[in-house]
Amino acid sequence: MNPIVEVNIQSEIGKLNGVIIHTPGEEVENMTPETAERALYSDIINLSIAREEYKQVKGVLAKLTKTYEVRDLLCNILKDDAIKAEVLNRIEKIEPFIGEKAPWGSLKEQLMGENAENLSRLLIEGVEMVKDNLTKFLCKDWFALRPMHNLLFTRDASMSVNNEVLIGRMANSIRDRESVIMRSIFDFTPEFKTRTLTIPPVPGATKRIRTIEGGDVLIAREDILLIGNGARTSSQAIDILIEEFISRKSEKAQHIIVQQLPQTPESFIHLDMVFTLLDRDKCMVFAPLILNPGNYQTVHIKIQNGKLQSIRNEKNLLSALKKLGMDLEPVLCGGSDDWNQEREQWHSGANFFCVGPGQVLGYARNNYTIEAMNNAGFEIIKANDFIENKVNISTHDKYVITIDGSELPRGGGGARCMTMPVNRTNLD
């Protein structure tokens, strides 16, 4: 890495200067229909096609900003034996079986003996189980250390919030190692200038009570956090964040706007599946929930001078933001037709990622959403045309670069899900 990278994210739309991504590898293919549900996939996806589609994501980002691959960052810190031991210790706390002693040594000891490059691969892609005793022989698992199937969605396990990184407290244990890996990367990469924050679990709890994932956390403005409260992020975890802001006793007001989300269907797992910011004055919305939330409350929390100043209901997310000086025009996911809205939201039609104000990435397959973007003043640019220099984007103030997506959307996420920004230029 070399140059110091100061973590700084004060908006969703500022010019992107650095982003962490993960090119999907064998960990995606290391699942069967039987294990797909446990891996949080509704279906197994074709890796070769997914990789071709991801080339567009990476190709576009590489031309626009500095990109960091998780595997490279992980490999770099694992070159230090003391850090390697600490990372494995952290993994052992959530997957204690790796330290279990056996006549041939523990899995942890075996991993400690691997070089940095191979160890980073094994931690991501999984370690196959050697069937060297009866228990293992009868076990239906293929892996002693399961693959991190969801790592391509780098958004969830860590969140840049202003100058700090909040580490995800994942809703499902299959993703816990992602949080350990991302926390370790930020803790032990000297070039990252930041500190990590964690949400502690409830002592003695047998269920996951405090959970928070990055898809639910949006930075609307330096002083405004938008947080989804649903299947992946609990009110108890948000309460811990409220306590953190109270403890800082800042004279400047901090606003947290919480949007309740349905527990089902699975396409509603995060706030960024129904709402993303596009520009200073525009946002993408799944209208049935964001404009008309009905029984799903929108709650505005204000913290200032070490106190919870107020907590109250709002009409909806856009109304709450307007009161704080952010007057946003909604662009409708799926256009104006109810049927198309539902279809395109299912395939991440509301999930856009900004590389600058009014400059975004999204899936090409959501035709009615892309048409709505065009009607809102966004030039439509195909990813490959941009990568191959067939289009000069500097001539366009507002644009959406469209990514081919047949396999990637079936993994359950879009452009924002697959990106974890570490630095943006502050807006005026």
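The values are calculated or read from the model by the stated rules, or taken from the named source; none is laboratory data. Quick caveat: nothing in here was measured; it's all calculated off a predicted structure. Here Cβ is always computed from backbone atoms with ideal geometry, including for glycine, and neighbour counts include all displayed protein chains. These accessible areas exclude ligands, DNA and RNA; they are computed on the full protein's heavy atoms, side chains included. Shrake-Rupley method; radii C 1.70, N 1.55, O 1.52, S 1.80 Å.
What's the angle, to the nearest 10 degrees (0 to 90), between helix 235-248's Cα axis and the longest principal axis of the chain?
80
Where does helix 81-94 land angle-wise versus the long Cα axis of the chain, in degrees 0 to 90, nearest 10?
Here the helix axis deviates by roughly 80 degrees.
Give, as ranges by residue number, the residues of segment 226-262 whose backbone N falls under 16 Å from the point 7 Å along Cα→Cβ of Arg312.
Answer for this model: 254-258.
Skip the ligands, DNA and RNA, and give the accessible area per residue of segment 238-347 with a 1.4 Å probe, whole Å².
Heavy-atom SASA per residue in segment 238-347 reads 48 Å².
Solvent-accessible area per residue for segment 164-234 at a 1.4 Å probe radius, Å²?
35
Sort the chain into rounded, prolate or oblate with this rule: let a ≥ b ≥ c be the square roots of the eigenvalues of the Cα gyration tensor; rounded if a/c is under 1.5, and if a/c is not under 1.5, prolate when a/b is larger than b/c, oblate otherwise.
Cα axes put the chain in the prolate bin.
Starting from the Cα gyration tensor of segment 179-316, take the square roots of the eigenvalues, sort them a ≥ b ≥ c, and report rounded, prolate or oblate (rounded when a/c is under 1.5, otherwise prolate if a/b is larger than b/c, else oblate).
rounded
Only sites in a loop by DSSP and with at most 14 other Cβ atoms within 10 Å count here; which GluC sites (Glu not before Pro) in segment 134-225 make the cut?
Hits after loop and neighbour filter: Glu191.
Determine the gain in length on full extension of the stretch Ser106-Ile49; use 0.36 nm per residue of separation and subtract their C-alpha separation, reporting nm with one decimal.
Contour length minus the Cα-Cα distance gives 16.8 nm.
For Glu114 and His396, what does the FRET efficiency come to when R0 = 56 Å and r is the distance between their Cβ atoms, rounded to the nearest 0.05?
Approximately 0.75, to the nearest 0.05.
Please give the residues of segment 147-183, grouped as numeric ranges, whose backbone N is less than 14 Å from a label point set 7 Å along the Cα-to-Cβ vector of Asp72.
Answer for segment 147-183: none.
Treating the beta-carbon of each Lys and Arg as +1 and of each Asp and Glu as -1, no other charges, what is the dipole magnitude of the chain about its Cα centre, to the nearest 20 debye?
The dipole magnitude comes to about 960 debye.
Suppose R0 equals 22 Å; then what is the FRET efficiency for Ile246 and Glu222 from their Cβ-Cβ distance, rounded to the nearest 0.05?
E between Ile246 and Glu222, to the nearest 0.05, is 0.80.
Measuring from label point to label point, each 7 Å out along Cα→Cβ, what is the Glu128 to Asn89 span in nm?
3.3
With the full set of protein chains in place, find how many percent of the accessible area of the chain is carbon and sulfur; take the probe as 1.4 Å.
Using a 1.4 Å probe with all protein chains present, the chain comes out at 48 percent carbon and sulfur.
Which whole-angstrom value gives the distance between the alpha carbon centres of segment 48-96 and segment 284-347?
Using only Cα atoms to place each centre, the spacing works out to 33 Å.
Given the DSSP H assignment, sum -39500 (n - 2.57) over each helix run of at least 4 residues in the chain and divide by its residue total; what's the result at 222 nm in deg cm²/dmol, nearest 500?
Rounded to the nearest 500, it is -8500 deg cm²/dmol.
Quick check: with the 1.4 Å probe, what order do Arg416, Arg232 take by accessible area, largest first?
Order by accessible area, largest first: Arg232, Arg416.
What are the principal axis extents of the Cα atoms in segment 288-428, in Å, biggest first?
Computed over the Cα atoms, the extents are 53, 38, 28 Å.
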